[in-house]
Amino acid sequence: MTHSGELNVWKLRQEFPMLQQLMHGKPLIYLDSAATVQKPRRVIEAMSHFYSEQYATVHRSVYDFASRATSRYNDVRQKLKEFLNAAFVEEIVFTRGTTEAINLIASSFGKAFLQPGDEVVITAMEHHSNIVPWQWICEERGARLKAVPINDRGELILEAFDELLTDRTKLVSVAHIANATGTWNPIEEMIRLAHARGAKVLIDGAQSAAHLPVDVQKLKADFFVFSGHKAYGPTGIGVLYGKRALLEKMPPYQRGGDMIDEVTLQSSSFQHSPMKFEAGTPMIAEVIGLGEAIDFMESLGRDRIAVWEQDLLEHATTRLGEIKGLRIIGTAPKKGAIISFVIDDLHPLDIGTLLDIRGIAVRTGQLCAQPTLQSFNVPSLTRVSFAAYNTFEEIDIFVEALKEVILLLRPALSY
């Protein structure tokens with residue numbers, strides 16, 4: 001079977017050591033890439049090589065290895081500028097992940113711009129990491145947190161979003177692609193509406209950066225954040241893009257080494273962005289690993305990744321439609337490669353456990369999105385999610401295994 005934009009997926013899979021592993025004696029079928037993506041060999045080897053043959057700290061020393069480490073580290077920031085099409089390299093800030101990036105913005109933007117009575121707008125489909133920081137900063141600053149409701153397909157109600165915006169709205173923070181439902185939000189229109197009211201917009205790109213091309217200048221996003229481990233890179237590294245003019249007005253998130261301009265025992269002054277947001281010895285090996293991951297994704301082409309993953313999504317959606325009693329949670333016409341579902345009164349934990357025995361890795365539970373589940377009146381979900389290395393054959397094996405699991409859990413169920 002040939003599909004438009006098809007990757008040479010069987011060759012690609014050889015680049016991932018984890019995909020050669022067995023789980024409970026079965027070939028691993030990894031369908032949990034929305035949680036974390038497996039790593040290509042080049043990322044693993046780059047980090048290992050740095051630690052074993054090139055290791056030194058950055059920004060502090062003039063000896064050869066330190067100079068080379070600093071150069072490699074800075075090169076990755078430039079790669080990320082191009083990866084997101086930022087206007088300036090100073091707009092790229094390294095964090096420990098999406099969660100820290102959102103917390104940084106909540107704290108720093110909040111202190112600079114939020115006043116009592118101001119408003120922050122999120123949606124009912126956000127990951128907890130894009131809810132809790134805003135609850136905290138709004139409570140601290142005396143601001144009001146408002147949430148856009150979603151409909152029964154998992155789409156945000158755009159008319160309600162427009163109505164929630166007021167002249168007191170200072171920031172909108174929304175997922176590009178929702179982690180529980182896969183809903184792909186109309187962020188271009190949301191940004192247009194928010195900017196018309198003078199509000200800034202943060203895009204949580206944790207589920208999009210590795211799956212489709214992102215152009216922050218074209219989007220006119222004020223902030224865009226994502227995690228390295230969801231983008232074929234290592235854990236412990238994330239990226240915050242922010243417009244330079246905004247970052248310059250925001251105070252540091254943490255204080256310590258590397259972000260300092262001058263220190264006396266009485267006072268201190270700080271460097272400009274991005275350094276003023278990067279206190280302490282940075283995640284050097286992780287940044288280098290992320291740089292390799294960026295090269296890896298660019299070598300595949302994110303447009304081709306997007307097409308392949310949409311083909312996988314359509315195939316999986318069709319196959320799951322064969323199963324009586326299965327209900328997909330999130331049926332927006334425009335989705336990322338994520339499918340969450342419930343099966344009558346069968347518990348997702350039982351489903352996930354029996355799939356695990358068959359070598360199939362899926363996510364079960366509340367998916368760090370309890371308000372989303374509350375909107376659908378479901379206590380927990382089973383989720384499958386795809387990346388460039390997944391295949392149609394894996395989906396077929398998964399669906400047949402799921403049918404077996406259902407028969408084991410409820411023998412009377414027929415198809």
With every protein chain left in place and a probe of 1.4 Å, what is the accessible surface of Asp345, to the nearest 10 Å²?
120
Go through Tyr73, Ser385, Ala147 and say which Cα lies farthest out towards the positive end of the charge dipole of the chain; charges sit on Cβ, +1 for Lys and Arg, -1 for Asp and Glu.
Tyr73
The range 98-213 - share of DSSP beta bridges that are antiparallel (%, nearest 5):
15
Angle between the chain longest axis and helix 284-300 axis [Cα atoms, degrees, rounded to 10]
50
Cα pairs beyond 19 Å in the range 344-415, in percent, come to 41
Set Lys81/Lys170; Lys79/Lys200; Lys200/Lys335; Lys11/Lys324; Lys39/Lys170; Lys220/Lys335, cut-off 31 Å on Cα-Cα distance; pairs above it are Lys11/Lys324; Lys39/Lys170
Computed over the range 90-143: relative contact order in percent, which uses C-alpha pairs under 8 Å that are six or more apart
45
Test of the criteria: in the range 38-114, which chymotrypsin sites (Phe, Trp or Tyr not before Pro) are in a DSSP loop and have at most 14 other Cβ atoms within 10 angstrom of their Cβ?
Tyr55, Tyr63, Phe88
Bridge orientation stat for the range 163-265 from DSSP, antiparallel percent rounded to 5, came to 45
Lys111 accessible area, assembled protein chains, probe 1.4 Å, Å²
100
For the chain, what relative contact order do you get, as a whole percent, if you take Cα pairs closer than 8 Å and at least 6 residues apart?
23
Quick one: the Cα spread of the range 303-357 along its three principal axes, in angstroms, biggest first?
37, 24, 16
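Would you mind giving the average projected area, over all directions, of the Cα convex hull of the range 79-215 in nm² with one decimal?
In nm², the orientation-averaged hull projection of the range 79-215 is 8.2.
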Could you give the accessible area per residue of the range 1-69, probe 1.4 Å, as a whole number in Å²?
60
Label corresponding to Cα Rg over 2.2 N^0.38 Å when calculated from the structure given, among [x] 0.96; [y] 1.02; [z] 1.83:
[y]
Mind running the shape call on the range 65-153? Use the C-alpha gyration tensor, a ≥ b ≥ c as the square roots of the eigenvalues: rounded below 1.5 for a/c, prolate if a/b tops b/c, oblate otherwise.
prolate
Please state the Cα pair-distance histogram of the range 1-116 with 10 angstrom bins from zero: what percent is in each bin?
10, 23, 32, 23, 11, 2
When a/c is below 1.5 the answer is rounded, else prolate if a/b is larger than b/c, else oblate, so apply that to the range 186-285 with a ≥ b ≥ c taken from the square roots of the Cα gyration tensor eigenvalues.
oblate
For the chain, the charge dipole (Cβ of Lys, Arg +1; Cβ of Asp, Glu -1; about the Cα centre) points to a positive end, and the Cα of Cys138, Ser107, Pro251 closest to that extreme belongs to Pro251
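Could you tell me what percent of the DSSP beta bridges with both partners in the chain are antiparallel, to the nearest 5?
60
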Averaging the inverse of every distinct alpha carbon separation and then flipping it gives the Kirkwood radius. What is it for the range 9-52, in angstrom units?
11.8
Keeping every protein chain in place, order Val362, Val43 by accessible area at 1.4 Å, biggest value first, i.e. largest first.
Val362, Val43
Could you give the dipole magnitude of the chain about its Cα centre, charging the beta-carbon of Lys and Arg +1 and that of Asp and Glu -1, in debye to the nearest 20?
320
Pick out, from Ser269, Thr235, Ile177, the residue whose Cα sits farthest towards the positive end of the charge dipole of the range 171-279, with +1 on the Cβ of Lys and Arg and -1 on the Cβ of Asp and Glu.
Ile177
With -39,500 (n - 2.57) per DSSP H segment of 4 or more residues and division by the full residue count of the chain, the 222 nm estimate, nearest 500 deg cm²/dmol, is -11500 deg cm²/dmol
As an exercise, identify the trypsin sites (Lys or Arg not before Pro) in the range 198-292 lying in DSSP coil whose Cβ has no more than 16 other Cβ atoms within 10 Å.
Lys220, Arg255
So how strong a dipole does the range 32-176 carry about its Cα centre when Lys and Arg Cβ are +1 and Asp and Glu Cβ are -1, to the nearest 20 debye?
660
Length-normalised contact order of the range 1-96, Cα under 8 Å, at least 6 apart, in percent, tallies to 13
The size of the Cβ-based charge dipole (Lys, Arg +1; Asp, Glu -1) of the range 291-406 about the Cα centre, to the nearest 20 debye, is 440
Taking every pair of alpha-carbon atoms in the range 291-415, give the share separated by more than 26 Å as a whole percent.
25
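The values are calculated or read from the model by the stated rules, or taken from the named source; none is laboratory data. Worth saying up front: this structure is predicted, and the values here are computed from it rather than measured. Here Cβ is always computed from backbone atoms with ideal geometry, including for glycine, and neighbour counts include all displayed protein chains. To get the accessible areas, we keep the full protein, side chains included, count just its heavy atoms, and leave off ligands, DNA and RNA. Shrake-Rupley method; radii C 1.70, N 1.55, O 1.52, S 1.80 Å.
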